[in-house]
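Encoded as structure tokens, the structure appears first; notes follow it.
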Amino acid sequence: MEWLYVVIGIAVLAVVLVGGGMAGLFRGRQAPPPKAPAAPPRGAGTDVLAPPAEPEVVTPEAPTAAEAPALETPERPASRLVRLRQRLAGSGTLGRGLLGLLSRDRLDEDTWEAIEDLLIGADIGVEPTQQLVEKLRTRMRVEGGDTPDAREVLREELVALVDPGLDRSLHISGTEGVPGVVLVVGVNGTGKTTTVGKLARILVAENRTALLGAADTFRAAATEQLATWGERVGVEVVRGPEGGDPASVAFEAVKQGIDQGVDTVVVDTAGRLQNKQGLMDELGKVKRVIEKQTPVTEVLLVLDATTGQNGLIQAKVFSEVVDVTGIALTKLDGSAKGGIVVAVQRQLGVPVKLVGLGEGPDDLAPFDVGAFVDALLS
Ligand SMILES: Nc1nc2c(ncn2[C@@H]2O[C@H](COP(=O)(O)OP(=O)(O)OP(=O)(O)O)[C@@H](O)[C@H]2O)c(=O)[nH]1
């Protein structure tokens with residue numbers, strides 16, 4: 001019997017040892033136990049079953065007032081010509097010279113000749129000079145012992161010559177809620193882009209909303225220049241690619257102007273076309289595409305006062321290509337040729353509406369005949 005107890009003991013021991021080994025084997029094949037979830041980051045939600053978050057869309061905050069570039073407040077146009085009258089100092093030599101000659105005791109032929117020379121030298125033009133001298137001769141004759149006041153006579157005759165009767169208002173308004181469109185044309189380098197920028201400031205000073213079209217795609221810097229002008233007074237600039245189609249930029253600018261409901265769209269153009277046909281094709285197209293949407297209310301021709309008769313001949317080509325309605329005469333500061341105002345109006349048959357009297361941002365003034373003649377005579 002004893003041997004039976006020994007056999008049973010051995011069998012029980014064998015079962016215990018083999019069972020433990022098998023269990024160890026299965027354990028080795030099982031998936032490793034799941035790791036304990038990582039502790040949530042501090043401050044995060046505790047719902048670890050929540051789906052992963054969508055990528056965050058970061059909307060940049062609008063710049064605060066402190067960060068935004070301060071917009072400039074342009075000078076009201078009414079005060080500009082008075083402020084800038086000293087800039088006509090060069091032209092003042094004309095007024096003062098005439099006054100000195102006319103005030104002589106004896107107005108002999110030599111004196112009248114000197115008066116004529118002075119007027120021609122100031123670019124007034126031959127015909128207007130002869131007309132003015134004729135009138136002055138008649139009025140300065142001593143009648144009944146009264147000596148006419150030379151300054152008064154000269155002022156009246158110069159005002160008449162510059163023609164106060166012309167409509168010098170800028171047509172910057174459209175009809176029925178559609179913007180007015182100002183198309184700015186002229187030979188390159190006359191100050192077109194600068195004038196568009198300065199005009200934007202005049203519009204802002206008059207509490208009008210405006211949009212600029214940089215259709216001078218010929219010169220990349222012109223677009224940049226215009227963008228800077230616009231930024232300073234919060235006026236948007238529509239631009240196209242360098243060398244792109246100016247007409248498409250003009251079209252887009254006017255379209256956006258209509259969509260945004262602005263008061264005025266001002267379109268800058270390039271003036272670098274070598275022949276009249278090319279110029280006619282380009283400007284004609286620009287005007288046509290704008291007018292598919294709304295009429296151009298003002299075609300402003302920019303003319304450099306320092307270029308005299310040559311500039312006038314070039315400007316005439318533009319007036320033959322587009323129907324010019326007004327002239328912006330730039331660089332009248334530093335020019336002793338104020339008489340160009342008379343010549344340009346006579347030869348082109350359109351009034352001077354704006355005068356540029358310096359490189360400062362508000363050195364563009366609405367032209368006023370009385371203030372201009374007073375500046376000449378001061
Ligand atoms: N002194 C003076 N300078 C002016 C006046 N108007 C414009 N200018 C200057 O004339 C230069 C030419 O002006 P822009 O506006 O670039 O001329 P632009 O006609 O647009 O020239 P392009 O783009 O090359 O066709 C710039 O240096 C202006 O500052 C003015 O009334 N007086």
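Where strands (runs of 3 or more DSSP E) fall entirely within region 306-378, those with at least 1 residues that are among the basic types (Lys, Arg) are at 352-356. Looking across Gly174, Gly189, Gly230, one residue alone is over 30 Å from Arg96 (Cα atoms) and loosely packed, with under 14 Cβ neighbours inside 10 Å. It is Gly189.
A single entry from Val185, Val153, Val237 fulfils the requirement of being under 30 Å from Leu376 (Cβ atoms), outside the structural domain of Pro128 (by TED's automatic domain parsing) and among the hydrophobic types (A, V, I, L, M, F, W, C): Val185. Please identify the pairs in which a residue from region 354-368 that is in contact (Cβ under 8 Å) with a residue 40 or more places away in the chain has its Cβ atom under 6 Å from the Cβ atom of a residue that is assigned to a loop (DSSP other than H, G, I, E, B) and aliphatic (A, V, I, L, M), counting only partners at least 6 apart or on another chain. So the pair list comes out as Val355/Leu332; Leu357/Leu84; Leu357/Leu332; Asp363/Leu357; Ala365/Leu84. Of all residues in region 217-236, those being in contact with a Pro (Cβ under 7 Å, 6 or more places away or on another chain) and either within 11 Å of the ligand (Cβ to nearest atom) or free of Cβ contacts under 8 Å to residues at least 24 places away in the same chain (or both) number 1. For Thr195, the test of being within 30 Å of Leu71 (Cα to Cα) and hydroxyl-bearing (Ser, Thr, Tyr) is passed. Gly240 meets each of the listed conditions (1) within 14 Å of the ligand (Cβ to nearest atom); (2) at pLDDT below 95 apart from (1). Screening Val182 with (1) modelled with pLDDT of 90 or more; (2) more than 16 Å from the ligand (Cβ to nearest atom); (3) closer than 24 Å to Gly358 by Cβ; (4) not acidic (Asp, Glu) gives one miss only, at (2).
Filtered by the rule that a residue be among the hydroxyl-bearing types (Ser, Thr, Tyr) and more than 13 Å from the ligand (Cβ to nearest atom), region 314-361 gives Ser319, Thr325.
Yes or no: region 148-155 includes at least one residue that is part of a loop (DSSP other than H, G, I, E, B) and either more than 16 Å from the ligand (Cβ to nearest atom) or not polar (S, T, N, Q) (or both).
Let us first name the residues in region 148-155 that are part of a loop (DSSP other than H, G, I, E, B), namely 148-149.
From what is left, the residues that are either more than 16 Å from the ligand (Cβ to nearest atom) or not polar (S, T, N, Q) (or both) are 148-149.
Checking region 148-155: at least one residue is part of a loop (DSSP other than H, G, I, E, B) and either more than 16 Å from the ligand (Cβ to nearest atom) or not polar (S, T, N, Q) (or both).
Taking residues in region 164-190 that are in a strand (DSSP E or B), and partners anywhere that are among the aromatic types (Phe, Trp, Tyr), the pairs with Cβ atoms closer than 9 Å and at least 6 places apart or on different chains are Val185/Phe318. In this structure, is Thr194 within 16 Å of the ligand (Cβ to nearest atom), of a type outside the set (Gly, Ala, Ser) and part of a helix (DSSP H, G or I)? Taking the combined requirement at face value, the residue satisfies it. What residue, of Asp304, Asp263, is away from the ligand (no atom under 12 Å from the Cβ), touching a residue at least 60 places away in the same chain (Cβ under 8 Å) and among the acidic types (Asp, Glu)? The match here is Asp263.
If you go through region 226-261 and pick out every residue that is small (Gly, Ala, Ser) and either assigned to a helix (DSSP H, G or I) or closer than 18 Å to Thr194 by Cα (or both), you end up with 8. Filtered by the rule that a residue be assigned to a helix (DSSP H, G or I) and at pLDDT 95 or above, region 289-305 gives Val289, Ile290, Glu291.
Taking every residue in region 197-208 that is under 13 Å from Ala365 (Cα atoms) and pairing it with any residue that is more than 16 Å from the ligand (Cβ to nearest atom) and at pLDDT below 95, at least 6 positions away or on another chain, the pairs with Cβ-Cβ distances below 6 Å are Ala205/Arg76.
The values are calculated or read from the model by the stated rules, or taken from the named source; none is laboratory data. What you see is a predicted model, and the numbers here were worked out from it, not measured in a lab. In this analysis, Cβ positions are derived from the backbone assuming ideal geometry, glycine residues included, and neighbour counts consider all displayed protein chains.
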